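The block underneath contains the structure these notes are about, expressed in C-alpha cells.
The values are calculated or read from the model by the stated rules, or taken from the named source; none is laboratory data. Since this is a predicted model, take the numbers as computed values, not measurements. FYI the Cβ positions are ideal-geometry reconstructions off the backbone, even for glycines, and counts take in every protein chain you see. Side chains are part of the model used for accessible areas, which takes the heavy atoms of the whole protein and leaves out ligands, DNA and RNA. Shrake-Rupley method; radii C 1.70, N 1.55, O 1.52, S 1.80 Å.
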Amino acid sequence: MDIEFIVDILPRLLNPLKVTLLVSIISLTLGTLLGVSLGMIWVASTPRSFQRLLLNSYVWFVRGTPIIIQIYIAFFLLPKVGLNLDVFWVGVVALTFNSVGYQIEIVRAAIESINQGQWEAAGSIGMTQRMTFFWIILPQSARRMIPPLTNELSNLIKASSVLSVISLFELTKAGDAIIASSFKFAEVLLLLSVLYFSLIQALSAATKYLETEVFNFDKADFESGKTFGQIY
Amino acid sequence: MLLALDIQFMWQVLPKILAASWVTFQISVLAVVLGIILGLALGMFRVLGAPPIQTLIQWFVDFVRGVPPLLHIAFIYFALPSFHIQLNEFWTGVVALTIIAAGYEIEIVRSAIESIERGQREAALSIGMNERMALFYILLPQAGQRMIPTLTNELANVIKASSLLSVISVNELTKVGNALIFEHFVFAEVLIQVAVMYLIIVSLLMWLSSWLEQHFSLTQPLQNSPISHFSEMQEIR
Amino acid sequence: MLLLSVQNLCKYYGSTPALVNINLDVHMGEHVVLIGSSGSGKSTLLRCINYLEEPDDGRIWLDGQYIGGHIDQANQWVKDQPSELAHKRRDIGMVFQGFHLFAHLKIIDNVAIGPRRVLKKSKATSRELARYLLDKVHLGKHADKYPWQLSGGEQQRVAIARALAMNPKLMLFDEPTSALDPRLTHEVFQVVQELANEGITMMIVTHEIKFAQKIADTIVFMEKGEIVEVETVQKIFSDPQDERTQKFLSYVL
C-alpha cells in the first residue's frame, strides 16, 4: 500500500467529490419538489383514475429498470429532442427521474401511515377533506418523510457513481482515470471507498439523529416498517 | 421522428437480447444463491457470534451497503488477478455480485431472526433446548419462511445491479445492448428492448415476492410480519 | 418430600429490586398458587426458577441439584455451562402467558419436538407420546393443524402438553389464562385441575382467585418483590395474618 501516493492523489479527487455531492443534492432537491407534488396527486386521485395509472406506470418503470439504463436513455434521448445539455445536467435529469420514482413512494407511504382516526377527528370538527389534508395530514406526514428523504440522499450519492459511464467527471470517473494512468487500483479504490463511505455514514448518522432526537414523537409506528412494505 | 422505430431491426437483434437476458438471469441467480449461503452463515454469527465477530460482520455489512456497488465490482475485477485467481468475466461478475448480495442478505437474515418473538426462544429453552437447538429447530425455520418474499425481492434488486457488470465487459443484457448501440448507431430500438426485458424479469419477481408475502401471511395470520425490505429503503440501484 | 427450595433469591432490574430475599419450599405433589397485584414479582420468581432470568443472588435447589450452577469440592459456586443448564431445565415445565407455540410446526410436532430433538427419541416414539398427551388435554383431533388455526384456550392446552412431554418434575404456569376470555379460561383450568388430581407438582401465578381456592394446597401472597405470607389455602382465606394480605383479599374476594 503506497500511502504517499494516496496523499498525493487526494487533492485531485476533491473537485470530483464536489461534483458527486452537487449532482446528488440538486437531484434530491428537484426530486423532492416533483416527488412531493406527484405523491400528493397520487393520494388525491381515485384508484382507477388516469393520473394514478400514469404515476403507477412511472414508478413501475423506475423500479423495474436498472439506473444505468435510465442514464443511457437520458444520455441518448435528450439530444434527440433538442436538449443539448452539458453532461452534468444530463446526470441531474437522469438521477432526478430515478429519484422521483422512489420519492412518490415515500410520500405516499408517509401520508397513508397517518392514522385514519385523524381524518375522522378533523371531519368531526367540521373540516372539509381538503382542509384536513392540508392542515392535519400533511404536517404530520411531512415529519415522517424527512428520515427516508435523508436516506434517499445516500442512495443518490451511491447511484451517482454510475454517471461515470457517460463520462461525468465525478468521484468514480476520476478514480477510474487515475487507475488507468497509474495502475494502482488498490490505493485508488480504497480511497474512493473511504470517501464515499464517510460521506454516506455522515449523512446516515444525521438521519439517525433526526429520527431519534428530533422526530421521535411517533417512533413506534414509524419503525413498524409496515408503511413501506408494499410497492403498490 | 422519435417513434419511427425500425421494427425489422428489433426483430433481428431479439435473439441476441434474449440470450443476454439469460446471462443476466443466470449471474443474478448464482449471486443470490451464493449470497444466501454466505448471508446465512454470516447472519447467524452476526446474531449469535462473539461480540468482536458481530462487530466485524457489521463492518462488512456497513461497508458493502455504504459504498457504490460499482466500486466493489471494480475492486473484484482488479483484485482477483493480483491474487492469481484467473476467472472469466462471467465468474468475476458472479463473485462481485455475490459479495454485494451477501452484504444485503446478512441484514435480511439478521432482521428475520430478530423479528421472531422473544417467547419462541424462551419456550424452546424451557423444554430443555440449548441455544443452538433453539436456533436450528425453532428460530431459523420461522425466519426462513419470513425471508422468502424478501429474498425474491432481493433477486430483483440483484438483477438490476447486475447491469453494472457491463463496465467490466460481462456479456449481460446491458453490455450487449451497449455494444449493439455502438455497432449500429441506433439507440431507441435497443434501449427499448433492453428496458422491456428488465421490466419483465424484475416485475415478475416483484409480483412473485408480493404473492409469496400474501401467501405466507395467509397461513400465519398471527405472525404476518414478513420483514419489510423497504423499511430502510436501502436498495441497490 | 422436598422438591424445590428457593433460597435467599434476589433479582434487580438496574437498581429497582424485583425480588427481595425470597425463601420458599415446595414439596412433591404440592400445588402452590402465587397471588398478588401486578408487578409484585410473581412472574419474575417463576422465570428465575428455570433461569430464564438469572437471579442476582441466592440459589434454586431442585430435587438434589442446584439450577444454574453447582458447588464444587472447594465449596465454591460454579456457574453452569449453557448445555448443563439446558439439561436441568428439562425437569421444569413452563407454560407462558402468551402460549408461544412454535408457529412453524403442526400441533403434534409442537409437542413431539422436545422428546424428538432434546431427548433424542425416535420420531415414532415422540409422536406416539405427543398423541397420548394431546388426548389428555382433549385436543387429539387437532393434531395436524397449525397453531394459528386454534383458539387461545386450545393453544394454551397444547403448550401444557408440550411441557408435559418432557416429563418434568415441576410445572410452572405463568398467568396461563390472562390472555383468555372466561369460557376459554375454564377449558384451560379444567385441564390444569386434572393434572393436579394426578399429583403433578405445580406452581401457578394467576389472578383468578376462585380457581386458586379450588386447586391450591398452599397460597403465597407477594407484594413489592417480597413474600408477605405463605399459608394453607383454608387458613389464608379464612384468617389472613398480615395486614397487607387482608387488604389485598378484601379487594379480590
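What the table below lists for this structure:
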read-out: Members of the range B:146-191 that are touching a residue at least 12 places away in the same chain (Cβ under 8 Å), of a type in the set (A, V, I, L, M), part of a helix (DSSP H, G or I) and closer than 25 Å to residue A:176 by Cα; value: B:158, B:159, B:161, B:164, B:165, B:167, B:168, B:173, B:176, B:180
read-out: Residue in the range A:108-120 that is in contact (Cβ under 8 Å) with a residue 40 or more places away in the chain, under 30 Å from residue B:163 (Cα atoms) and more than 11 Å from chain B (Cβ to nearest Cβ) present; value: yes
read-out: Answer residue from the range C:209-224, given it is basic (Lys, Arg) and closer than 16 Å to residue C:177 by Cα and is most open to solvent (accessible area, probe 1.4 Å) among those; value: C:210
read-out: Lone qualifier among B:106, B:113, B:127 - being more than 15 Å from residue B:40 (Cα to Cα), hydrophobic (A, V, I, L, M, F, W, C) and either at pLDDT 90 or above or under 20 Å from the mean Cα position of the chain (by Cα) (or both); value: B:127
read-out: Residue, nearest to residue B:26 (Cα to Cα), within the range B:161-184, restricted to residues that are at the interface with another protein chain (Cβ under 10 Å from one of its Cβ atoms) and hydroxyl-bearing (Ser, Thr, Tyr); value: B:162
read-out: Qualifying positions in the range A:113-130 - surrounded by 13 or more Cβ atoms within 10 Å (Cβ to Cβ) and either in contact with a Ser or Thr (Cβ under 7 Å, 6 or more places away or on another chain) or of a type in the set (A, V, I, L, M) (or both); value: A:113, A:114, A:119, A:121, A:122, A:123, A:127
read-out: Which numbered condition residue B:180 misses (of (1) modelled with pLDDT of 85 or more; (2) surrounded by fewer than 21 Cβ atoms within 10 Å (Cβ to Cβ)); value: (2)
read-out: Qualifying residue in the range A:51-63 (condition: of a type in the set (Ser, Thr, Tyr), touching a residue at least 60 places away in the same chain (Cβ under 8 Å), open to solvent by 20 Å² or more (accessible area, probe 1.4 Å) and out of contact with any Leu (no Cβ under 9 Å at 6 or more places or on another chain)); value: no
read-out: Hits in the range B:76-127 - residues which are within 27 Å of residue B:22 (Cα to Cα) and of a type outside the set (A, V, I, L, M, F, W, C); value: B:77, B:81, B:86, B:88, B:89, B:92, B:93, B:98, B:103, B:104, B:105
read-out: Flag for residue A:48 being open to solvent by 40 Å² or more (accessible area, probe 1.4 Å), basic (Lys, Arg) and under 26 Å from residue A:114 (Cβ atoms); value: yes
read-out: Residue in the range C:233-247 that is under 18 Å from the mean Cα position of the chain (by Cα) and either of a type in the set (Phe, Trp, Tyr) or open to solvent by 70 Å² or more (accessible area, probe 1.4 Å) (or both) present; value: no
read-out: Residue count, the range C:31-49 (criterion: in a helix (DSSP H, G or I) and away from chain B (no Cβ under 14 Å)); value: 2
read-out: Residue selected from the range A:74-104 under the condition within 8 Å of another protein chain (Cβ to nearest Cβ) and crowded, with 21+ Cβ neighbours inside 10 Å, by the criterion farthest from residue A:24 (Cα to Cα); value: A:102
read-out: Residue among B:68, B:15, B:52 that alone is open to solvent by 30 Å² or more (accessible area, probe 1.4 Å) and within 30 Å of residue A:77 (Cα to Cα); value: B:15
read-out: Options A:156, A:192, A:199: the member that is at the interface with chain B (Cβ under 7 Å from one of its Cβ atoms), aliphatic (A, V, I, L, M) and either open to solvent by 10 Å² or more (accessible area, probe 1.4 Å) or part of a helix (DSSP H, G or I) (or both); value: A:192
read-out: Per-region count, the range B:112-145, residues hydroxyl-bearing (Ser, Thr, Tyr) and touching a residue at least 12 places away in the same chain (Cβ under 8 Å); value: 2
read-out: Residue match in the range A:1-11 (condition: away from chain B (no Cβ under 14 Å) and modelled with pLDDT of 90 or more); value: no
read-out: Every pair of residues 6+ apart whose Cβ atoms lie under 8 Å, when the first sits in the range C:134-149 and is without any contact (Cβ under 8 Å) to a residue 12 or more places away in the chain while the second is of a type outside the set (Asp, Glu) and not in a loop (DSSP other than H, G, I, E, B); value: C:140/C:131; C:140/C:134; C:149/C:142
read-out: Filter result for residue B:159 (open to solvent by less than 10 Å² (accessible area, probe 1.4 Å) and out of contact with any strand residue (DSSP E or B) (no Cβ under 6 Å at 6 or more places or on another chain)); value: yes
read-out: Selection status of residue B:58, farther than 23 Å from residue B:169 by Cβ and within 14 Å of chain A (Cβ to nearest Cβ); value: yes
read-out: The range A:131-145, residues that are open to solvent by 80 Å² or more (accessible area, probe 1.4 Å) and either touching a Phe, Trp or Tyr at 6+ places or on another chain (Cβ under 7 Å) or acidic (Asp, Glu) (or both); value: A:143
read-out: All strands (runs of 3 or more DSSP E) inside the range C:50-154 with 1 or more residues being buried (at least 16 other Cβ atoms within 10 Å of the Cβ); value: C:57-62, C:69-71, C:92-95
read-out: Residue check for residue C:165: open to solvent by less than 20 Å² (accessible area, probe 1.4 Å), small (Gly, Ala, Ser) and more than 14 Å from the chain's Cα centre (by Cα); value: yes
read-out: Options C:38, C:15: the member that is more than 24 Å from residue B:119 (Cα to Cα) and modelled with pLDDT under 90; value: C:15
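To keep it simple, each residue is scored yes or no on (1) within 13 Å of another protein chain (Cβ to nearest Cβ); (2) open to solvent by 10 Å² or more (accessible area, probe 1.4 Å); (3) on the phi < 0 side of the Ramachandran plot.
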| site | (1), (2), (3) |
| --- | --- |
| B:89 | no, yes, yes |
| B:94 | no, no, yes |
| B:102 | no, no, yes |
| B:110 | no, yes, yes |
| B:116 | yes, yes, yes |
| B:121 | yes, yes, yes |
| B:124 | yes, no, yes |
| B:131 | yes, yes, yes |
| B:146 | yes, yes, yes |
